[in-house]
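To start, the structure itself, in structure tokens.
The values are calculated or read from the model by the stated rules, or taken from the named source; none is laboratory data. Not measured: the values here are computed from a predicted model. Cβ placement follows ideal geometry from the backbone for every residue including glycine, while neighbour counts extend to all protein chains displayed.
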């Protein structure tokens, strides 16, 4: 199992690596885990104690020595389910507080896989047509094929529409909801811009993936007009 999958459910990187190590080794001293992973012993002990607090691990003291073990995976699933149910109970009150904010202009910067997954969910949740300028489907496939597949399943279920301006010869992945138009590769801008509802998202692929979310109706409307102008002059094939 890749420890990266644990990052998607809220584990921090060191927690994920330590948890998978404990699953394989069973009861282990902090020094043993630290040596195997190449971590500092003090840092490893601190992370292990935080994992105990979160329910990811347990410890016992025998003959004056403390050892740690991974929590059984199905127990962690139960904890996550309990947290989800609890959050459902309070979400309406939280949404009410959030809706009272008077924010005409919001900028958020998100990073990496979680940022990309947020884009996929947000675009579908807002239930509007999704416009994309400068997109190369191959980049999305290479970075997060699983997330892209889920995005299209969700978008199709809501019967959303998507229009993409890309370059001639680009790899295409879109579904039946997607329309493409093309520009010459010489004029292609490899920094995608996604536009939906009141949101504009700028995607910077390298050296680290950053996504800049701008929520403002006036800015979104301006980008949509720019997109429509380019759509009219782009080639259908």
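At-a-glance table
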| item | result |
| --- | --- |
| Every residue from region 44-56 that is within 28 Å of the chain's Cα centre (by Cα) and surrounded by 13 or more Cβ atoms within 10 Å (Cβ to Cβ) | 44, 46, 47, 48, 49, 50, 51, 52, 54, 55, 56 |
| Test for residue 90: is it outside the structural domain of residue 143 (by TED's automatic domain parsing), at pLDDT 90 or above and either surrounded by fewer than 13 Cβ atoms within 10 Å (Cβ to Cβ) or in a strand (DSSP E or B) (or both) | yes |
| Unique match (being surrounded by fewer than 15 Cβ atoms within 10 Å (Cβ to Cβ) and in contact with a strand residue (DSSP E or B) (Cβ under 6 Å, 6 or more places away or on another chain)) among 149, 179, 217 | 179 |
| Residue check for residue 48: in contact with a helix residue (DSSP H, G or I) (Cβ under 9 Å, 6 or more places away or on another chain), closer than 26 Å to residue 113 by Cα and at pLDDT 95 or above | yes |
| Residue match in region 17-24 (condition: in contact (Cβ under 8 Å) with a residue 12 or more places away in the chain and under 30 Å from residue 203 (Cα atoms)) | yes |
| Single residue of 150, 111 found to be free of Cβ contacts under 8 Å to residues at least 40 places away in the same chain and within 20 Å of residue 8 (Cα to Cα) | 150 |
| Wholly enclosed strands (runs of 3 or more DSSP E) of region 95-199 bearing at least 1 residues under 26 Å from residue 5 (Cα atoms) and in contact with a helix residue (DSSP H, G or I) (Cβ under 7 Å, 6 or more places away or on another chain) | 106-111 |
| Qualifying residue in region 77-92 (condition: within 18 Å of the chain's Cα centre (by Cα) and closer than 26 Å to residue 216 by Cβ) | no |
| Residue match in region 57-74 (condition: part of a helix (DSSP H, G or I), surrounded by 18 or more Cβ atoms within 10 Å (Cβ to Cβ) and over 24 Å from the mean Cα position of the chain (by Cα)) | no |
